[in-house]
Amino acid sequence: MFAMRMVNRIARLKRYLLGIAVVLVGVCGIGCSGDVPGSRFFPLVPGQSWQYQVQRTTMDGVVQMRHILTTLPTPAADSAVTAIRESIAGHRYAYLVNESGTFRVSEDAEAEPEMVLPHTLEADTHWRSITHTSVLENSGAPWESLFRIEQEIEMTYRVEALNASVSTPAGEFSDCVIVSGYGKTSANVGNYIGVADIEVSSREWFAPGVGLVRMERQESTTAEALAGGSLTMVLDHWDD
């Protein structure tokens, strides 16, 4: 059912992907891996799973969580997506892979696919993608119930470093690519706050053959009632 809803979008996706200016067209740069679905730094091998330790900090405090993802069996050949990952909570994330890179595909028929990683990764390679705020929330005064800012922000991502090393509970990883992101916008967030500036910054470590092994994200606003929050995700265990 999930894949069928994507079928009617194939032609539009192809036109969109061909028009992306930020991607380098070269095929099989350091991000390509012949027989591995996805890419070297974002593998989409069916059955592969990742477990992360997650620390989510909002103005209400700090919450520790676990996040588990599994790549499902490869969709049918006529599917509009290349692979689907499913979380332990049942949320599904669809990905499209072509010669330009790996893209996240939304169930929203109006939404364009968002680049996760280009296939060619070199220092200062950059691209743009859309994200949504996720930790700007507060249930304290003056609200008696949870108030959350869920704002769409265009991020500019760039390759910050190559051949980096990082330590995680799952082990030490070398030859990692670090991708940094930054976005800023102004929006009327309502609830007596009015217009506020919102900033989001992130850093992600991708290990060859494994994928995302660490992520750090900060969100802030000029509104004192919802000053900011952060999210850290670190690989705890993975199966290939």
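The values are calculated or read from the model by the stated rules, or taken from the named source; none is laboratory data. Every value quoted in this text rests on a predicted model; they were computed, and no experiment measured them. Here Cβ is always computed from backbone atoms with ideal geometry, including for glycine, and neighbour counts include all displayed protein chains.
With the condition kept exactly as written, say whether any residue in the range 177-184 is in contact with a helix residue (DSSP H, G or I) (Cβ under 6 Å, 6 or more places away or on another chain) and touching a residue at least 24 places away in the same chain (Cβ under 8 Å). So far as the range 177-184 goes, no, none of its residues is in contact with a helix residue (DSSP H, G or I) (Cβ under 6 Å, 6 or more places away or on another chain) and touching a residue at least 24 places away in the same chain (Cβ under 8 Å).
If you check Arg56, Arg104, which single one turns out to be modelled with pLDDT of 85 or more, buried (at least 16 other Cβ atoms within 10 Å of the Cβ), over 14 Å from the mean Cα position of the chain (by Cα) and basic (Lys, Arg)? Quick ask: steps written out before the conclusion?
Numbers: Arg104 fails: over 14 Å from the mean Cα position of the chain (by Cα).
After ruling out the rest, the residue left standing is Arg56.
Of all residues in the range 44-84, those satisfying the criterion of being without any contact (Cβ under 8 Å) to a residue 60 or more places away in the chain, in contact with a strand residue (DSSP E or B) (Cβ under 7 Å, 6 or more places away or on another chain) and within 14 Å of Asp240 (Cα to Cα) are Leu44, Pro46, Ile68, Leu69, Thr70, Thr71, Leu72.
All of Val166, Val195 fail the test of being surrounded by fewer than 20 Cβ atoms within 10 Å (Cβ to Cβ), without any contact (Cβ under 8 Å) to a residue 24 or more places away in the chain and out of contact with any helix residue (DSSP H, G or I) (no Cβ under 6 Å at 6 or more places or on another chain), apart from Val195. Of Asp236, Asp197, all but one fail to be under 30 Å from Arg40 (Cα atoms), more than 15 Å from the chain's Cα centre (by Cα) and not hydroxyl-bearing (Ser, Thr, Tyr); the exception is Asp236.
In the set (1) surrounded by 20 or more Cβ atoms within 10 Å (Cβ to Cβ); (2) farther than 30 Å from Asp239 by Cα; (3) not polar (S, T, N, Q), His119 fails one condition alone, (2).
For (1) among the charged types (D, E, K, R); (2) at pLDDT 95 or above; (3) within 14 Å of Leu136 (Cβ to Cβ), each residue gets a yes or a no:
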{"position": "Thr185", "(1), (2), (3)": "no, no, yes"}
{"position": "Gly190", "(1), (2), (3)": "no, no, yes"}
{"position": "Asp197", "(1), (2), (3)": "yes, no, yes"}
{"position": "Val213", "(1), (2), (3)": "no, yes, no"}
{"position": "Thr232", "(1), (2), (3)": "no, yes, no"}
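Looking at Leu117, is it in contact with a strand residue (DSSP E or B) (Cβ under 6 Å, 6 or more places away or on another chain) and in a loop (DSSP other than H, G, I, E, B)? No: the conditions fail for Leu117.
Scanning for something closer than 16 Å to Leu212 by Cβ and crowded, with 16+ Cβ neighbours inside 10 Å, does the range 72-81 turn up at least one residue? No, that holds for no residue. Among the residues of the range 224-240, those identified as outside any strand (DSSP E or B) and touching a residue at least 40 places away in the same chain (Cβ under 8 Å) are Ala225, Leu226, Ala227, Asp240. Of all residues in the range 199-219, those satisfying the criterion of being touching a residue at least 40 places away in the same chain (Cβ under 8 Å), buried (at least 18 other Cβ atoms within 10 Å of the Cβ) and in a strand (DSSP E or B) are Val200, Ser202, Trp205, Phe206, Ala207, Gly211, Leu212, Val213, Arg214, Arg217, Glu219.
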